[in-house]
Each structure stands twice: as structure tokens, then as C-alpha cells.
């Protein structure tokens, strides 16, 4: 049995607690938050949980194996470092840390202590993402042309990071998982409208080899909520609408065919359009967070890296930092250094 302590029980913490309690291999011993009303609310649901306000009662406890950190990103590094020094495995909500330097230090420390780092990129465990990955890997989409994602709604505003750091990690982790490539450079633009020097609307473009391009739009100021991704390939095109409960994924047999590719005679280039059927494949509706918890528990028991380990979290941070730099330089193209193989 893996004994779990959860620090931070605001927005996402209760969901993690519920799934760790449901998993047969994990047991939640203690929850921690600075706000007593949050702790009291959860103890009404789970009266056996020990509730504390001092995080040190979690990370220094000999009865805790895994420390779950679901606090603002600015606190991730000091809490995670303290937990690793105490010999605990750690789970961090996204993004992993506030800087790649902090993430690298935690990864090195985890290797020294022979402990696991997990990053909660929940969307990678959804039935929709797994189905899309299956379709891509089976060659049904063909050669990939583009990845286009929109994640917008009204709020929730963060006080320590901008909209890219808050929302884009979802789409960047999905992009990584599906394309299985690391971008060569990033261009990003954005603007803030609240006077706090944090962008609340932003656009991120990632450039890959072989003319593959990805675009991500994130926005805290949208009048409507949209969670949609479009992927174009040489054989099929795909639309994933995460808010459509009936047909989340739609596969379109649409595309173009080039009839003349003579570079010396481009004005005679003929393009024909293919209009075929559309179908919506069946997807698994198992709660993704339960699979996240299962993966982490399995990794600890089997002593293996997780799908979303510290290295995966670091890759996301590299892209976020490149996007931040691009925004500050009015949309300059920012190269990204090569990381470990995906």
C-alpha cells in the first residue's frame, strides 16, 4: 500500500484525493491546506482523513510515501525539493515548476535519492487522446500536416502565471504525445488586459521538421468555452471536440491530391479535392484521473519511469519558456535546444 499525503485541496486537489482513495494500491493519510474551510469541507466527505495546515507535517512524516503537490506553480519547487530530500516520491500538478532550471534540479535530486517524479498531464490518459494516437500510429491519418488547438473560456484567472503557463501545458503535452516530435522553434504573441502584466490572451506556434506546424490558442477572456483540436494529414483529417459528449472525435475522409508536381511549371499545378465519409469512432470513457493514479501507483510498485515523468515535464517547460521569450520580443522566432529522446 502506497501512503499518500496531499498538499493543496483547492480546485484540483479534491479530484486527486477522490481517485487516490478509490485506487486499491494507494491510501490517503493526510491532507494539507492553509485554508481551514477547505479542509473542513473535505473532512465532511472523508472524516477519517487527517487535516493539517503545515506542509512539513506531510513531507517530514515517516508514514508518507508519495507527496501530491496541488498548489500554485510558484510553490512547486520548494515543496517538491523538501519532499525529495525526505525521500518521498512526488506528484506535481502542471506545469511542473516555474522554470526549467528548477525542474532540472528536481530531476537531478530525484535521481540521487532514487525517487520518482510524476507530472499530472491528465489529458494524456483520456480515451480521446489514446484513440487519436492509435489512429495516427496506425497510419490512418497519413503524414501529418498540422495540429491546431483552441482552449478558451471566461476565467479562471491565475495570479502567478499567464494564460500560456496555465492552459497551454494541456495542449503542449497532447501535441507531444500525438506528434512524437520535439519542435525546433516557437513563436508566440499575447496581450494582457487586467493591468497585472500577465497575458490573458495568447497564440503559440510550434515549428517542426518536414513542414509540420502546430498552433495553440489560449484565452481567459472568451465569452464561450471551446476545447477543440483539428489535426490534418495526407489521408484523413480529424476533429476532437472535448465538449461534445456524444461524438468527441470525428474522422473526415477529406483532403487534396496534387496532380502536377513539376517545380519548373508550378503555374500548371492542379489540385483536386477529396470529399469522403465522416465517422465517429468509439472511445473509452474511463475517468482519466483514475488512470493517472493507476499509472503512478504501478510505476512506484514496478520501479519504472512514468509516461509523464520529470523529463516529460521539463520538455513542456522548455516550450513554455520559449513562448514567454517570444512574447517579450514581440513574436520573435525562438529556437529550442534539443532534449532527451521522446
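Derivation of every value follows stated rules applied to the coordinates shown; laboratory data play no part. Being a predicted model, the structure only gives us computed values, none of them experimental. Cβ coordinates were reconstructed from backbone atoms using ideal geometry, including for glycine residues, and neighbour counts include every protein chain displayed.
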Seminar exercise, completed: Per the rule of 0.36 nm per residue minus the C-alpha distance, extending residue 280 to residue 34 adds in nm 84.0 nm
Exercise. How much length is gained on full extension from residue 63 to residue 225, taking 0.36 nm per residue of separation minus their Cα-Cα distance?
Worked result: 54.1 nm
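How long is the gain from residue 156 to residue 184 if the chain were fully straight, where each residue apart is worth 0.36 nm and the alpha carbon distance is subtracted? Spell out each step's value before the answer.
Numbers: separation 28, 0.36 × 28 = 10.08 nm, distance 3.09 nm.
Contour length minus Cα-Cα distance gives 7.0 nm.
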Exercise. In degrees from 0 to 90, rounded to the nearest 10, what is the angle of the helix 288-302 Cα long axis to the longest principal axis of the chain?
Worked result: 70
Problem set entry | Angle between the chain longest axis and helix 100-113 axis [Cα atoms, degrees, rounded to 10] | 50
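Regarding the chain, what's the average projected area of the Cα-atom convex hull, expressed in nm²? If you can, show how the numbers build up before the last one.
Numbers: hull surface 79.4 nm².
For the Cα atoms of the chain, the hull's average projected area reads 19.8 nm².
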For this session: State the percent of C-alpha pairs, over all pairs in the range 2-115, separated by a distance greater than 24 angstrom.
Result: 20
Exercise. Between residue 307 and residue 112, what is the label-to-label distance in nm when each label sits 7 Å out along the Cα-to-Cβ direction?
Worked result: 3.2
Seminar exercise, completed: In whole µm²/s, the translational diffusion coefficient that Stokes-Einstein assigns to the range 82-209, given a Kirkwood hydrodynamic radius over C-alpha pairs, 37 °C and 0.692 mPa s, equals 193
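By count of other Cβ within 10 Å, fewest leading, how are 32, 299 ordered?
Numbers: 32 28, 299 18.
Ranking 32, 299 by Cβ neighbours within 10 Å, fewest first, gives 299, 32.
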For this session: Compute the normalised compactness of the range 117-275: alpha-carbon radius of gyration over 2.2 N^0.38 Å, N being the residue count.
Result: 1.18
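Sorting 146, 279, 55 on the 10 Å Cβ count, fewest up front, what's the list? If you can, show how the numbers build up before the last one.
On the way: 146 15, 279 12, 55 22.
Fewest to most other Cβ atoms nearby, the residues stand as 279, 146, 55.
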Problem set entry | Antiparallel %, DSSP beta bridges [both residues in the chain], to 5 | 60
For this session: Round to the nearest 10 and give me the degree value, 0 to 90, for the angle of helix 163-179's Cα axis relative to the longest principal axis of the chain.
Result: 60
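When a footprinting reagent is the concern and you count Cβ atoms within 10 Å, what order do 123, 296, 147, 157 take, fewest first? The partial results should precede the final answer.
On the way: 123 19, 296 27, 147 22, 157 14.
Final ranking by Cβ density, sparse to dense: 157, 123, 147, 296.
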Exercise. What number, rounded to the nearest 500 deg cm²/dmol, is the helix-based mean residue ellipticity at 222 nm of the chain, given -39500 (n - 2.57) per DSSP H run of at least four residues and division by all its residues?
Worked result: -10000 deg cm²/dmol
Seminar exercise, completed: Place a point 7 Å from the Cα of residue 328 in the direction of its beta carbon; the residues of the range 200-222 whose amide N falls under 20 Å from it are 200-206
For this session: Quickly work out the residue 133-to-residue 104 label distance, labels modelled 7 Å from Cα along the C-beta direction, and quote it in nm with one decimal.
Result: 2.7
